[in-house]
1. Could you check how many residues of segment 176-235 are of a type in the set (Lys, Arg), open to solvent by less than 40 Å² (accessible area, probe 1.4 Å) and in contact with a Ser or Thr (Cβ under 7 Å, 6 or more places away or on another chain)?
2. State all residues of segment 129-142 that are within 14 Å of residue 201 (Cα to Cα) and either open to solvent by 10 Å² or more (accessible area, probe 1.4 Å) or not small (Gly, Ala, Ser) (or both); if no residue qualifies, say none.
3. Could you go through segment 143-165 and let me know if any residue there is in a helix (DSSP H, G or I) and open to solvent by 70 Å² or more (accessible area, probe 1.4 Å).
4. Among the residues of segment 183-235, write down those that are among the charged types (D, E, K, R) and assigned to a helix (DSSP H, G or I).
5. Looking at the structure I just gave you, is residue 122 surrounded by fewer than 17 Cβ atoms within 10 Å (Cβ to Cβ) and touching a helix residue (DSSP H, G or I) at 6+ places or on another chain (Cβ under 7 Å)?
6. How many residues, within segment 18-55, are in contact with a Lys or Arg (Cβ under 6 Å, 6 or more places away or on another chain) and part of a strand (DSSP E or B)?
7. Name the residues in segment 58-70 that are open to solvent by 50 Å² or more (accessible area, probe 1.4 Å) and not acidic (Asp, Glu), would you?
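The values are calculated or read from the model by the stated rules, or taken from the named source; none is laboratory data. Just so we're clear, the structure is a prediction, and the values are computed from it rather than from any experiment. In this analysis, Cβ positions are derived from the backbone assuming ideal geometry, glycine residues included, and neighbour counts consider all displayed protein chains. Please note that ligands, DNA and RNA were not included when accessible areas were found on the heavy atoms of the full protein model with its side chains. Shrake-Rupley method; radii C 1.70, N 1.55, O 1.52, S 1.80 Å.
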Amino acid sequence: MSPATPRRRPIVAIDGPAGAGKSTVARKVAEALGFVLVDTGAMYRAVALAAKRAAVAWGEGPRLGELARQLVARHALAFERDAERGVRVRLDGEDVTDAIRTPDIGMGASTVSAHKDVRDALLDLQRQAGHQGGVVLEGRDIGTVVFPDAETKFFLTARPEVRARRRYEQLAANGQAVTLEEALADVHLRDKQDTTRAVAPLRQAEDAVLLDNSDIGEDETVARIVDRVRAWGSR
């Protein structure tokens, strides 16, 4: 699929499983290219947090869909650029950047995002944010569902034990009590949920570049993506 009007600058779609480092890589890619970062994962995390606060179970698809539609309708979800964090997330004006990054909310986001009603509610918001190009989006289905016409697509992954180690170190640095075994179990559970859900399951788009960063550093991962995007621009 190609956009009706060719974009001057491409959409950069970065998909992949939990713990692959997509958020940090996407932020650095956006900075290097001078593109806007659209954190779609944070949208689902914010919905999961809002549902928890409203006592709406993460398994209740129709109620979650209505909640998501209300959030979009009243512009309750806001994303702000931040020099240190890349993006800050606000829910009804409250900074929830840290609140949505807990393991509990991460699991909730994986569950919430499996509901078609929720995905439909947020899909237009995601497309509006990126349709003109010059954006970097990361998630589970950016290159397959949200922007199947993205000019540059990447599937970022790493071995489960590597992703678990990174997640463990990240949570420990934030003062959250978790064991490496718990982090690995969380990775396996998230992978199962994301790849087997009925709606928009995690999978690599046929035209996406596979990047396994198990044994390469963050800077090299970013450099490889940036080089390919720039190559697209100079073709």
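1. Narrowing segment 176-235 to residues of a type in the set (Lys, Arg): 190, 192, 197, 203, 224, 228, 230, 235.
In the following step, the residues that additionally are open to solvent by less than 40 Å² (accessible area, probe 1.4 Å) were identified as 190, 197.
Checking the rest, the ones that are also in contact with a Ser or Thr (Cβ under 7 Å, 6 or more places away or on another chain) come to 190.
Qualifying residue count, segment 176-235: 1.
2. Matches in segment 129-142: 140, 141, 142.
3. Step one: list which residues in segment 143-165 are in a helix (DSSP H, G or I), which gives 143-146, 160-165.
Checking which are open to solvent by 70 Å² or more (accessible area, probe 1.4 Å) leaves us with 161, 165.
Yes, that holds for at least one residue.
4. Keep residues of segment 183-235 that are among the charged types (D, E, K, R), which gives 186, 190-192, 194, 197, 203, 206-207, 212, 215, 218-220, 224, 227-228, 230, 235.
Selection gives 186, 190, 191, 192, 194, 218, 219, 220, 224, 227, 228, 230.
5. Working: surrounded by fewer than 17 Cβ atoms within 10 Å (Cβ to Cβ): no; touching a helix residue (DSSP H, G or I) at 6+ places or on another chain (Cβ under 7 Å): yes.
Against the criterion (surrounded by fewer than 17 Cβ atoms within 10 Å (Cβ to Cβ) and touching a helix residue (DSSP H, G or I) at 6+ places or on another chain (Cβ under 7 Å)), residue 122 does not qualify.
6. Counting residues in segment 18-55 that are in contact with a Lys or Arg (Cβ under 6 Å, 6 or more places away or on another chain) and part of a strand (DSSP E or B) gives 1.
7. As a first pass, look at segment 58-70 and keep what is open to solvent by 50 Å² or more (accessible area, probe 1.4 Å): 58-60, 62-63, 66, 69-70.
Passing the criteria: 58, 59, 62, 63, 69, 70.
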